[in-house]
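Trainee: Take a look at this one; I'll ask things after.
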Amino acid sequence: MKVMVLSGQFGLGHQMAARAIGEEVKKLDDTAEVKEVDLFAYFFPRLSRPIFWLFQMMVKHCHGIYNFMYKVSGKMEVDVKPTGFRIYKKLNTLFEKEKPDIIVCTHPVCAKSVASYIKKTGDNIPLVTCITDISMHPEWITPQTTAYLAPTREVKESLVDRGADRDNVFVTGIPVRQQFLIKREPNTAKTPRKILIMGGGLGIIPDVESLMKMLHELPGVSVTIVAGKNHKAFEEWKNRYPDVNVLGYVDSISKLMMESDLVISKAGGITLFELIHCGVPIFVIHPFLEQEVNNAQYAEDRGVAKVVWNRSENFIPVLREYLTSGDEWRAARDNMRNLKEEITDIDISEAMKLVMERMSA
């Protein structure tokens, strides 16, 4: 059996979910072949890097425009996908060459593109759409989708309300790689002592200078900062304080998460689910992208995150109180453990097994 997983590099979450899906498939059947494809790079080999750079610039400097477009597209029938004979021909060439038995998409444009291809050709290749946002957006929905992997029960109900077959929507949570599924001994400390700071795939954390200074001055706190691919930030921060460990890109981030008592990060969907599996609370500073606002709201509602919402509010004293008091942190830690038991109705490997069994029936 051959499984093709399609994603794109618009934020690391889609690609990390694609990798996690591949690992789940191999866990289910170690003889299965998994082919991961960045569909944007495949469609536009010369333009994909500039397109991603423009996306980064919009997220960093024009997020108001991005949020407006996201909200408008959620209220209107906007079919955003690459189109045209050239795109159809490239998909046909890819599928003819690789001959996948099933296609899994972790990005909505990928799902829309494959659905359009299926509609045009009448091909009966199974399409599984893995939703990597906690909030529901119509960009994920296509009539040609065979099955959905939904992150929450609320998203499942939204899909059903929009016409999806209930039996074909599996609540699996957002897929995380196997390294995050290792059992971890619960921390019995009264206050967090090991702090991990991550800027997300785009390296966005506000006022890092003040943050580092406050943590440096706080007694008994160990700090690790992951700058990711933000090389400028890495060079700027790495020697600022001798007791703050600054790292660049880290592939095995799970070990750092599992060793931490609190993570300060963006509220990315996959980051949140990685932390749920690790049982580590999250501190979110000024979420501004629409999807991350929704993710932060979900985490706050379930008592697993401390969120500083107001962009004009100085988050430093809020974080200092959160760290030194420990009451909210202990409650969030306990809530994380409880939430871990509630986020899935079925394992991803089991959901994929059901889809495959239906294919052969």
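Trainee: Along the charge dipole of the chain, which of P206, C110, G13 sits closest to the positive end, that is, farthest toward it, with unit charges on the beta carbon of Lys, Arg, Asp and Glu (+1, +1, -1, -1)?
Mentor: It is C110, whose Cα lies furthest towards the positive end.
Trainee: Oh, and also: What's the angle, to the nearest 10 degrees (0 to 90), between helix 48-61's Cα axis and the longest principal axis of the chain?
Mentor: So the helix axis and the longest Cα principal axis differ by about 40 degrees.
Trainee: Something else now. How many percent of all Cα-Cα pairs in segment 180-340 sit more than 30 Å apart?
Mentor: Across segment 180-340, Cα pairs with separations above 30 Å total 7 percent.
Trainee: Something else: For G228, what charge total do you get from the other residues with a beta carbon under 12 Å from its beta carbon, if Lys and Arg give +1 and Asp and Glu give -1?
Mentor: +2
Trainee: Over the Cα atoms of the chain, Rg to Rh with Kirkwood Rh, two decimal places?
Mentor: With Rh from the inverse mean 1/r over Cα pairs, Rg/Rh is 0.97.
Trainee: Turning to a different aspect of this structure: Quick check: pseudo-label points 7 Å beyond the Cα along Cα→Cβ at M359 and D301, how many nm apart are they?
Mentor: Label at M359, label at D301, 3.4 nm between them.
Trainee: What list do you get for S312, S254, S325 if you sort them by fewest beta carbons within 10 Å?
Mentor: In increasing order of surrounding Cβ atoms, one gets S312, S325, S254.
Trainee: Can I ask one more? Evaluate the charge dipole of segment 180-340 about its Cα centre and quote only its size in Debye, nearest 20, assuming +1 on the Cβ of each Lys and Arg and -1 on the Cβ of each Asp and Glu.
Mentor: Here the size comes out at about 400 debye.
Trainee: How high is the FRET efficiency between I182 and S312 when r is their beta carbon distance and R₀ equals 45 Å, given to the nearest 0.05?
Mentor: For I182 and S312, the calculated efficiency is 0.65.
Trainee: Show me 101-111, 314-324, 298-308 ranked by packing, highest mean number of other Cβ atoms within 10 Å first.
Mentor: Result, highest mean Cβ count within 10 Å first: 101-111, 298-308, 314-324.
Trainee: Cα centroids of segment 225-272 and segment 323-361: how far apart, whole angstrom?
Mentor: Going from one Cα centre to the other spans 24 Å.
Trainee: Another question, if that's okay. Of the cross-linked pairs K97/K120; K35/K90; K35/K229, which ones have a Cα-Cα span greater than 23 Å in the structure shown?
Mentor: K35/K229
Trainee: When we measure straight from the Cα of K183, which lysines land under 25 angstrom away, once same-chain ones fewer than 8 places off are left out?
Mentor: Here the lysines satisfying the reach criterion relative to K183 are K26, K27, K194, K255, K266, K306, K340, K353.
Trainee: How high is the relative contact order of segment 180-340, given as a whole-number percent (alpha carbon pairs under 8 Å, six or more residues apart)?
Mentor: Relative contact order for segment 180-340 comes out at 25 percent.
Trainee: Something else: Show that you can apply the helix-only estimate: for the chain, add -39,500 (n - 2.57) for every DSSP H stretch of four or more residues, divide by all residues, and state [θ] at 222 nm to the nearest 500.
Mentor: Helix-only estimate at 222 nm: -14500 deg cm²/dmol.
Trainee: Using a Gaussian network model of the chain with C-alpha springs under 10 Å, which one of K266, K156, K238 is most mobile by mean-square fluctuation?
Mentor: K238
Trainee: Here is a follow-up. Figure the gain on full extension for K27 and F85 (residue separation times 0.36 nm, minus the Cα-Cα span) and round it to one decimal in nm.
Mentor: The span from K27 to F85 would gain 17.1 nm if fully extended.
Trainee: Another question about this same structure. Only Cα pairs under 8 Å and at least 6 apart count here; give the relative contact order of the chain as a rounded whole percent.
Mentor: After rounding, I find 17 percent.
Trainee: How big is the charge dipole of the chain about its Cα centre, in debye rounded to the nearest 20, if each Lys and Arg gets +1 on its Cβ and each Asp and Glu gets -1 on its Cβ?
Mentor: Charge dipole, the chain, about its Cα centre: 920 debye, nearest 20.
Trainee: Compute the angle between helix 108-121 and the longest alpha-carbon principal axis of the chain, please, reported from 0 to 90 degrees and rounded to the nearest 10.
Mentor: It works out to around 0 degrees.
Trainee: Relative to the first principal axis of the alpha-carbon coordinates of the chain, what is the inclination of helix 12-28, with its axis defined by its Cα atoms, in degrees from 0 to 90 and to the nearest 10?
Mentor: 70 degrees
Trainee: Going by how many other beta carbons lie within 10 Å of each one, how would you line up W309, W329, W237, fewest first?
Mentor: W309, W237, W329
Trainee: What is the extension gain from K232 to K119, computed as 0.36 nm multiplied by their sequence separation minus the C-alpha to C-alpha distance, in nm to one decimal?
Mentor: 36.1 nm
Trainee: Taking only Cα atoms and a 10 Å spring cutoff, compute GNM fluctuations for the chain and point out the largest among I264, I118, I174.
Mentor: Taking springs between Cα atoms under 10 Å, the residue moving most is I118.
Since every read-out is calculated from the coordinates, none of them should be taken as a lab result. For clarity, every value in this text was computed on a predicted model and none was experimentally measured. Positions of Cβ are generated from backbone atoms using ideal geometry, with glycine treated the same way; all protein chains shown enter the neighbour counts.
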